[in-house]
Amino acid sequence: MINLLSYFCIATGIVFWFWGTADLLSKRSVLFKLHSLSVADTLGSIAIVVGLLLKIPREWPLLLLAIICLALWNTMLGYVLAYCSSASNGGSRD
């Protein structure tokens, strides 16, 4: 049962990866594309790591650290991208 749940989490993560990549083909703005890609990649990566956590529970400290780093890194990267894009469009945040 744990193996089945683990494979389900990993497969869900891969689906999220492809879903976020497929959004790049839409005709929306670049910022919307980057946002949807980063959210889908974050959720997909976390789902894959949770699947690995179910497969190899003895490595839980490293996998938990990976989940925390993924969540923090991708959130901060989104803020940096948004700030850089608003600064390059003439918007000032001073």
Please report, for the Cα atoms of the chain, the Rg to one decimal and the Dmax as a whole number; what are they, in angstrom? 16.3, 55
Evaluate E = 1/(1 + (r/R0)^6) for K27 and I68, where r is the Cβ-Cβ distance and R0 equals 30 Å; express this FRET efficiency to the nearest 0.05. 0.25
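Just so you know, all these numbers are worked out from the coordinates, no wet-lab data involved. Note that the structure is predicted; figures quoted are calculated from it, not measured. With ideal geometry, Cβ positions are generated from the backbone for all residues, glycine too; neighbour counts draw on all protein chains shown.
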